[in-house]
1. Looking only at region 6-22, which residues are over 13 Å from residue 39 (Cα atoms) and either within 13 Å of the chain's Cα centre (by Cα) or free of Cβ contacts under 8 Å to residues at least 24 places away in the same chain (or both)?
2. Among the numbered conditions (1) touching a helix residue (DSSP H, G or I) at 6+ places or on another chain (Cβ under 9 Å); (2) surrounded by 10 or more Cβ atoms within 10 Å (Cβ to Cβ), tell me where residue 63 comes up short.
3. For region 34-50, check the following and say yes or no: at least one residue is part of a loop (DSSP other than H, G, I, E, B) and either within 19 Å of residue 11 (Cβ to Cβ) or at pLDDT 80 or above (or both).
4. Would you mind stating whether residue 25 is touching a helix residue (DSSP H, G or I) at 6+ places or on another chain (Cβ under 9 Å), surrounded by 10 or more Cβ atoms within 10 Å (Cβ to Cβ) and free of Cβ contacts under 8 Å to residues at least 24 places away in the same chain?
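The values are calculated or read from the model by the stated rules, or taken from the named source; none is laboratory data. As the structure is a prediction and not an experimental result, all values here were calculated from the model. Positions of Cβ are backbone-derived with ideal geometry, glycine not excepted, and every protein chain shown enters the neighbour counts.
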């Protein structure tokens, strides 16, 4: 069997602020977030079946702030 892994990440505000430990998006340099842990577990299995070992990744729902000069 061969699979092709593609990842989509939900950046909508409904998941909470990256600054709040209760948020799914919270970043801690010492511990994986729930999203990171789920991706790690799934990828560690699926990558064995991904022929090209490339993982296209997409994010959606983010509000991008562009710097002004």
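1. Scanning region 6-22 gives 11, 12, 14, 15, 16, 17, 18, 19, 20, 21, 22.
2. (2)
3. No, that holds for no residue.
4. yes
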